[in-house]
Structures are given as structure tokens and as C-alpha cells.
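The values are calculated or read from the model by the stated rules, or taken from the named source; none is laboratory data. Quantities reported herein were computed from a predicted structural model and do not represent experimental measurements. Cβ atoms come from the backbone with ideal geometry, glycine included; neighbour counts cover every protein chain shown.
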Amino acid sequence: MKDLKVIFMGTPDFSVPILEYLIQNTNVVLVVTQPDKETGRDKEVKFSPVKELALKNGIDVYQPVKIRKEHEIISELNPDLIVTCAYGQIIPKDMIDIPRLGCINVHASLLPKYRGASPIQAALLNGDEETGVTIMYMDENMDTGDIISCKKCKIDPEDNVGTLHDKLSSLGVELLSETLPLIYEGTNERIKQNDEEATYTKMIKREDELLNFNDTGRNIINKIRALNPWPGVYFNLQNGPMKVIKASFIEDKNSEVNKIKYLKKQMQIGCQDGYIDLEIVKPNGKKQMDITSYLNGSKKEDEYVS
């Protein structure tokens with residue numbers, strides 16, 4: 001497939017293995033990624049992981065602010081196929097219609113379930129036991145195009161968004177390696193999605209990171225898993241926010257919501273149906289540590305979560 005002229009569109013770490021596969025097996029003529037960002041107090045310019053890989057391999061990079069208005073270069077290159085994976089912008093229909101083999105997307109869910117921006121987090125938030133990757137043809141709407149192929153992935157009880165992200169990224173490469181030759185040969189399937197079964201996800205916002213102990217233990221643990229290691233979850237104490245990296249749930253019908261219970265080597269917080277037993281935390285202004293280390297070096301002043 002080295003004669004297959006491909007444009008790749010993606011931005012975060014999740015997309016990198018997909019681009020690596022395409023570089024090894026096709027002719028990637030352009031990489032499209034989100035504009036560079038300024039980070040930190042010094043406003044240091046940071047490249048996306050996809051841009052770094054493209055430059056390392058001598059591939060031209062294009063970074064439009066709005067791809068909907070700035071895609072003349074796509075027409076000029078006349079690719080055989082466009083492959084997208086976590087690019088971050090909606091692709092306009094006139095651009096989707098350019099490549100002769102279409103525009104395909106690698107999406108981290110079993111469509112039509114979890115269309116949208118945060119499918120990996122959604123699967124963990126809902127306590128799902130499996131998820132997967134779908135490769136589909138793109139259309140002008142979000143994740144609604146015809147399905148080409150999909151592959152399932154088990155979600156283990158210890159998985160968080162970091163581990164599941166890596167599993168699905170690897171699975172995406174595996175699925176693409178099976179699917180791309182079929183597209184190249186014109187023998188792939190094309191299955192319409194059932195819109196009645198569709199569910200949607202949203203962008204994770206800062207307010208989503210605050211733990212609510214009025215919720216059930218199951219939902220709280222799922223949230224901790226879904227938002228760790230990034231962006232993280234927290235609750236407030238008198239001296240500032242406490243990030244929770246890992247915790248477990250202990251059922252107890254006599255628990256008091258938001259009340260902190262200190263044991264010899266444990267710190268537990270009451271929720272709707274029991275206690276959240278903290279295991280790894282990051283106190284305000286300090287490094288990440290296990291709960292025993294935290295309790296050994298802190299005053300146990302707080303009786304309730306603020």
C-alpha cells in the first residue's frame with residue numbers, strides 16, 4: 001500500500017500509534033493537527049504529539065485554526081484517503097468528498113455508543129465492562145457515518161483513563177491494520193449506524209473534576225477512574241484541594257455524607273451508601289503519596305469535606 005497517498009489528521013497521544021502505522025505502510029503526504037499551544041508562565045510553545053512525530057519523519061504539517069475555512073491544500077494534494085483520529089475539529093463535507101477512497105475516522109468506542117469528545121471517560125464513568133474501537137466513514141455530522149469495522153476491548157476493574165487509553169490506542173492500530181487493506185482493495189463492509197441506539201459524550205470541564213460525596217460509592221469510584229491520571233479529581237479541605245488518585249469503596253448504610261473518618265492507616269470519607277477509602281492522594285502543594293504517608297505527616301483537623 002505504499003502507493004496509497006494519505007493525509008492524516010490527529011492531535012493527541014492517542015493518535016500517534018495510528019500515524020506511526022500509516023507512515024510505515026502508506027505514503028503520508030501531509031499531517032493536519034491543531035495549532036501549537038503556549039503553556040506555563042513562560043508561555044513556551046508546545047507542539048502536539050502528532051506534529052512531533054510528523055516532523056521527526058520529515059512530513060509536512062498543516063495547522064489551520066478552522067479547518068472548515070482553510071482546506072485548499074487538501075484539494076491541491078488530492079489524496080487517495082484521509083484518515084482522522086482525535087483531530088479535534090469537525091471536517092466539512094466538501095473536504096470529506098475529496099479523496100477517492102473517502103475519509104475515515106478511528107473512534108474510541110463501539111459506535112453508535114459514545115459519539116463525541118470523551119468516549120473513553122464515558123465508558124469508565126458508566127462502569128462499563130467492555131468498550132472498543134470503531135473505524136467508520138466520516139460524514140458532516142459527529143461520528144454518525146457508516147461503520148467499516150470494530151473491535152471490542154475488556155475494561156478491567158483496575159483500569160483508569162490512562163490504561164484504557166493505551167489499550168484502545170493499540171487496538172486502533174490493530175483494527176486499522178486489518179481494515180485498511182480492505183479499503184485499499186475495495187472489499188470492506190459499510191454498515192449504517194442505528195441512530196436510535198446512539199449515545200453522546202461531552203467535553204470534560206473543570207467543574208466535572210470536583211467529587212460529590214452525595215453520590216453513590218460506585219459512581220464516585222468510576223469518576224476517579226475516568227479522570228485519572230488526567231485531568232484528575234479532587235475535594236476540598238480547609239487548607240486547599242486534595243486530589244484523589246486512587247480509592248476504593250466500602251459499603252456501609254450508617255455512613256454520614258462528607259464526614260471524614262480517620263483510622264490508623266486509613267482516611268475514609270462518607271458518601272451516600274458507604275465510605276470512599278483513600279489510597280493514593282496529592283495534597284495541596286505537595287507531591288503524590290500513599291495515604292499512610294499523608295496521615296503520618298499531617299494534622300487531622302478536618303472533620304468534614306469543605
| Taking region 231-243, which residues are over 16 Å from residue 285 (Cβ atoms) and either part of a strand (DSSP E or B) or at pLDDT below 95 (or both)? | 233
| query | Given the residues 248, 170, 177, which is the only one that is in the same structural domain as residue 284 (by TED's automatic domain parsing), small (Gly, Ala, Ser), in contact (Cβ under 8 Å) with a residue 24 or more places away in the chain and surrounded by fewer than 18 Cβ atoms within 10 Å (Cβ to Cβ)? | reply | 248
| Which residues, counting only those in region 290-306, are within 17 Å of residue 235 (Cβ to Cβ) and surrounded by 12 or more Cβ atoms within 10 Å (Cβ to Cβ)? | 291, 294, 295, 298, 302, 304, 305, 306
| query | Residue check, residue 75 against (1) buried (at least 16 other Cβ atoms within 10 Å of the Cβ); (2) under 14 Å from residue 91 (Cβ atoms); (3) free of Cβ contacts under 8 Å to residues at least 40 places away in the same chain, all met but one. Which one? | reply | (1)
| Members of region 1-48 found to be of a type in the set (A, V, I, L, M, F, W, C), free of Cβ contacts under 8 Å to residues at least 12 places away in the same chain and under 29 Å from residue 163 (Cβ atoms), listed by number | 47
| task | For residue 75, work out the one condition from (1) closer than 26 Å to residue 143 by Cβ; (2) more than 23 Å from the chain's Cα centre (by Cα); (3) modelled with pLDDT of 95 or more; (4) in a helix (DSSP H, G or I) it doesn't fulfil. | result | (3)
| How about region 244-271: which of its residues are assigned to a loop (DSSP other than H, G, I, E, B), under 21 Å from residue 306 (Cβ atoms) and of a type in the set (Lys, Arg)? | none
| request: Run down 204, 183, 220, 191 and say which single residue is more than 22 Å from residue 108 (Cβ to Cβ) and not acidic (Asp, Glu). | output: 220
| field | Any strands (runs of 3 or more DSSP E) falling wholly within region 103-214 and containing at least 3 residues that are at pLDDT 95 or above, in contact with a strand residue (DSSP E or B) (Cβ under 6 Å, 6 or more places away or on another chain) and within 14 Å of residue 85 (Cβ to Cβ) | value | 103-107, 130-137
